[in-house]
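Structure first, commentary second.
The values are calculated or read from the model by the stated rules, or taken from the named source; none is laboratory data. Keep in mind it's a predicted model, so treat the numbers as computed, not measured. Cβ: placed from backbone, ideal geometry, glycine included. Neighbour counts: every protein chain shown.
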Amino acid sequence: MPSTQTQIADFTFDNCLMNAAGVACMTIGELEEVKHSAAGTFVTKTATLEARAGNPEPRYHNVPLGSINSMGLPNQGLNYYLDYLLDLQEKEPNRTFFLSLVGMSPDETHQILHQVEESDFKGLIELNLSCPNVPGKPQIAYDFDTTEQLLRQVFSYFTKPLGIKLPPYFDIVHFDQAAEIFNQFPLRFVNCVNSVGNGLYIEDEKVVIKPKNGFGGIGGEYIKPTALANVHAFYQRLKPEIQIIGTGGVLTGRDAFEHILCGASMVQVGTTLQKEGVAAFERITKELQAIMAEKGYERLEDFRGKLQYLN
Ligand code: DHB
């Protein structure tokens, strides 16, 4: 049986599949369900300092080729997730989990990161630079000056293993500019991609979600080519110490295989997990293993990043 074991920043995971932040990770009950599934680990819902109710409902809608959402960062607040993770690392010291976070302002982001730095948390931290759904707030990662300044300040005091969640970029020059910034810092991973921001889906002449008059982040089948391009663009450009997490359009083992072929060391499942539940992890893992077995690959390193080009 081929192995789907992987490593991020010296931590080993039995499986390369996990949830994408935002799906099945708002409450301890949901996180426990992912923890007990075939997933290798989980990431928590992006936490702000204080709990937030988020945007009015309906704010998530499944559609045939994916999903649209404008959740507005509902979450239980940093302490809820941090306390749970601290408890978990006592009970399961051999497993590593991800804490996702961002402040509602740069000051709040630093306050959160200082608290995490000073805590006993030993896991991985995902700083979310790509939340598209808070009305009036632009995505941090689409402003390169702000991103560089934020990372410079963060790494003046933060020493724990930190990566960033990115939105999709659509221009080669933006891949170049973003990578030049990220390569200046001791990031452990970049996660490509968050939802394709601000799509619009219509049914019966009406939008399907209430916030922002129906505009919302798009996930699922729609976004796989964009996700793969971002995974591979950063795999080509980033220093080897910065690993890639691939997220976007993972419905099948073949989708996960393609993310890894493009350079991903871990693969996250968002819309498919929302639609199918945690059984998706076992199904996708088995499909991935079947593809690997057919090709004679025994471990992910046998094909990671080995995308072939036409000469
Ligand atoms: C939300 C959506 C995102 O894509 C994200 O990265 C963080 C939060 C949200 O709307 O809750």
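Overview of values
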item: Identity of the residue in region 72-87, of a type in the set (A, V, I, L, M) and crowded, with 18+ Cβ neighbours inside 10 Å, that ends up nearest to the chain's Cα centre (by Cα); result: Leu73
item: Helices (runs of 4 or more DSSP H) fully within region 215-281 counting 2 or more residues that are among the hydroxyl-bearing types (Ser, Thr, Tyr); result: 224-237, 271-276
item: Those residues of region 271-311 which are more than 27 Å from Val23 (Cα to Cα), surrounded by 15 or more Cβ atoms within 10 Å (Cβ to Cβ) and among the aromatic types (Phe, Trp, Tyr), in sequence order; result: Tyr297, Phe303
item: Residues located in region 1-23, provided they are among the hydrophobic types (A, V, I, L, M, F, W, C), closer than 17 Å to Val34 by Cβ and assigned to a loop (DSSP other than H, G, I, E, B); result: Cys16, Ala20, Ala21, Val23
item: Qualifying residue in region 199-206 (condition: under 30 Å from Ala256 (Cβ atoms), within 13 Å of the ligand (Cβ to nearest atom) and at pLDDT 95 or above); result: yes
item: Count of region 150-197 residues which are closer than 21 Å to Glu108 by Cα, surrounded by 13 or more Cβ atoms within 10 Å (Cβ to Cβ) and among the polar types (S, T, N, Q); result: 1
item: Residue list for region 208-221, restricted to those being surrounded by fewer than 22 Cβ atoms within 10 Å (Cβ to Cβ) and within 16 Å of the ligand (Cβ to nearest atom); result: Val208, Lys210, Pro211, Lys212, Asn213, Gly214, Phe215
item: Qualifying residue in region 25-42 (condition: within 14 Å of the ligand (Cβ to nearest atom), part of a strand (DSSP E or B) and under 30 Å from Lys212 (Cβ atoms)); result: no
item: Selection from region 158-196 of residues that are of a type in the set (A, V, I, L, M), part of a loop (DSSP other than H, G, I, E, B) and away from the ligand (no atom under 16 Å from the Cβ); result: Leu187
item: Filter result for Thr226 (surrounded by fewer than 23 Cβ atoms within 10 Å (Cβ to Cβ), farther than 28 Å from Lys160 by Cβ and of a type in the set (Ser, Thr, Tyr)); result: yes
item: Within region 163-179, tally of residues that are within 15 Å of Glu148 (Cβ to Cβ) and of a type in the set (A, V, I, L, M); result: 4
item: Residue in region 65-82 that is closer than 24 Å to Ile242 by Cβ, within 13 Å of the ligand (Cβ to nearest atom) and free of Cβ contacts under 8 Å to residues at least 60 places away in the same chain present; result: no
